[in-house]
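What follows is one structure encoded as structure tokens, with my remarks underneath.
Values quoted throughout were computed directly from the atomic coordinates according to the rules given, and no laboratory measurement underlies them. What you see is a predicted model; the values in this text were computed from it and never measured. Glycine also receives a Cβ, built like all others from the backbone with ideal geometry; neighbour counts cover every protein chain displayed.
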Amino acid sequence: MDNKLMLMIPGPTPVPEPVLLAMAKHPIGHRSGEFSQIMAEVTAGLKWLHQTQHDVLVLASSGTGAMEAGMINFLSAGDRVLVGSNGKFGDRWAKVAQAYGLQVDTITAEWGKALDPEEFRTRLDADTSRSIKAVVVTHSETSTGVLNDLKTISGYVRSHGALMLVDAVTSLGAAHVPMDEWGLDMVASGSQKGFMLPPGLGFVAVSAKAWEAYKTATLPKFYLDLGKYKKAADQNSNPFTPPVTLFYGLQVALSMMQTEGLEAIVARHHRQMTATRAAMRALNLPLFAADAAASPAITAVAPAGVDAEKIRSVMKKRYDILLAGGQDHLKGQIFRVGHLGFVGDRDILTAVGSLEATLKELGFDGFTPGAGISAAAEVLAA
């Protein structure tokens with residue numbers, strides 16, 4: 001059946017009908033009073049979501065663009081940065097830093113494992129000269145389904161005095177990311193994740209401490225110069241031509257999120273993560289990340305006795321459900337089930353039931369039929 005594709009990936013994520021309908025309206029002038037009113041409303045909503053009183057700026061970019069902007073605006077060539085890397089995106093931020101001539105030190109963990117906060121403490125304590133200017137951490141490592149202990153790491157960074165730069169692309173809108181409480185200096189995210197929007201908007205939240213660093217930062221920038229965005233945002237505007245219809249959608253999506261409530265959003269994501277993981281266990285499909293490090297955005301599964309790519313192929317062709325595959329050296333070894341953004345309990349049950357049928361079709365008999373559905377339903381009904 002046409003047009004029935006169900007996205008169960010970490011992005012793009014499903015988009016609610018009210019958001020789609022809002023984006024179907026005619027564009028308006030981005031220098032008009034009407035657009036300024038929208039900017040004022042979405043800015044207030046973004047501050048609510050980030051749990052901050054500081055600036056939250058909107059770029060026409062992906063999450064990678066937001067992260068790049070969040071790194072280059074506060075640093076100078078030759079600055080020393082400490083990057084946590086336990087997956088594809090931690091690796092990416094190290095590469096971005098290197099591209100701009102920064103001196104990059106890394107703290108690594110095996111893919112599928114969480115970063116050890118104590119390694120950050122040890123490295124920062126040893127930096128008595130305070131040569132480390134920033135620490136970069138991916139909160140939810142999308143490539144492996146791991147949630148890093150950002151709260152503890154940021155506490156060590158505050159004690160040291162470096163800037164805390166955070167990739168919250170798949171954690172914001174799925175987990176608490178209290179910017180002010182945790183002392184985060186830059187938080188980057190993208191519209192196609194927990195925001196329940198199509199791709200196209202990047203968000204960069206900036207602390208007062210980061211703005212102080214901006215005054216002396218010398219890395220080259222123009223379109224990604226956040227000073228321009230702050231000056232415009234203070235006037236409820238944008239320095240360049242924004243994707244106006246995406247702002248319509250953002251206005252509605254933030255309203256929907258505020259109606260649901262932040263605690264309820266976080267609880268929903270945790271419940272659906274728990275249900276998904278329970279189902280995988282019941283189907284004898286090994287989980288790639290331990291419970292203590294599980295991301296509420298996505299669950300990575302390392303199937304034994306059945307090919308991960310064949311599972312993805314059958315799920316898409318027969319059931320119109322798109323699962324994510326493994327990246328880099330994990331390609332073909334894992335599949336990833338997204339439960340991020342506009343995903344309901346019904347979607348979890350549908351995906352699990354279809355997965356059971358897929359396993360049966362592929363000749364995998366290492367589970368009791370109905371076990372996955374039963375395990376997920378027990379969690380969802382609790």
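Points worth noting:
- Low-density loop cleavage sites - trypsin sites (Lys or Arg not before Pro) in segment 79-172, where at most 13 other Cβ are within 10 Å (DSSP): Arg130
- If the segment from Lys4 to Leu322 were pulled out straight at 0.36 nm per residue, it would be longer than the present Cα-Cα gap by 113.4 nm.
- Among Tyr223, Tyr156, the order by Cβ neighbours within 10 angstrom, fewest to most, reads Tyr223, Tyr156.
- Cut-off 16 Å, label 7 Å out along Cα→Cβ of Ala126, residues of segment 132-163 by amide N: 132-133
- Pairwise Cα distances in the chain exceed 34 Å for 29 percent of all pairs.
- Whole-percent P(r), segment 261-380, all Cα pairs, 10 Å bins from 0: 14, 49, 31, 5, 0.
- Separation in nanometres of the label points that stand 7 Å from Cα toward Cβ, at Gln37 and Ala267: 3.5 nm
- Placing unit charges on the Cβ atoms only, positive for Lys and Arg and negative for Asp and Glu, gives the chain a dipole magnitude near 580 debye about its Cα centre.
- Loop-located trypsin sites (Lys or Arg not before Pro) in segment 284-377 whose Cβ has at most 16 other Cβ within 10 Å (DSSP): Lys331
- Fewest-first ranking of Ile334, Ile107, using other Cβ atoms within 10 Å as the exposure measure: Ile107, Ile334
- For segment 261-380, the dipole from Cβ point charges (+1 on Lys and Arg, -1 on Asp and Glu) about the Cα centre works out to 180 debye, to the nearest 20.
- Largest first, the extents of the alpha carbon coordinates of segment 37-95 on the three principal axes equal 40, 25, 22 Å.
- As computed over segment 47-154, the Cα convex hull volume per residue (Å³): 118 Å³
- For Val15, no residue 5 or more places off, or on another chain, has a built amide H under 5 Å of its own.
- Loop-located chymotrypsin sites (Phe, Trp or Tyr not before Pro) in segment 300-382, at most 11 other Cβ atoms within 10 Å (DSSP): none
- Order of Trp211, Trp111 - criterion: other Cβ atoms within 10 Å of each residue's Cβ, fewest first: Trp211, Trp111
- Only helices enter this figure: runs of n ≥ 4 DSSP H residues, each worth -39500 (n - 2.57), summed and divided by the residues of the chain, yield -13000 deg cm²/dmol at 222 nm to the nearest 500.
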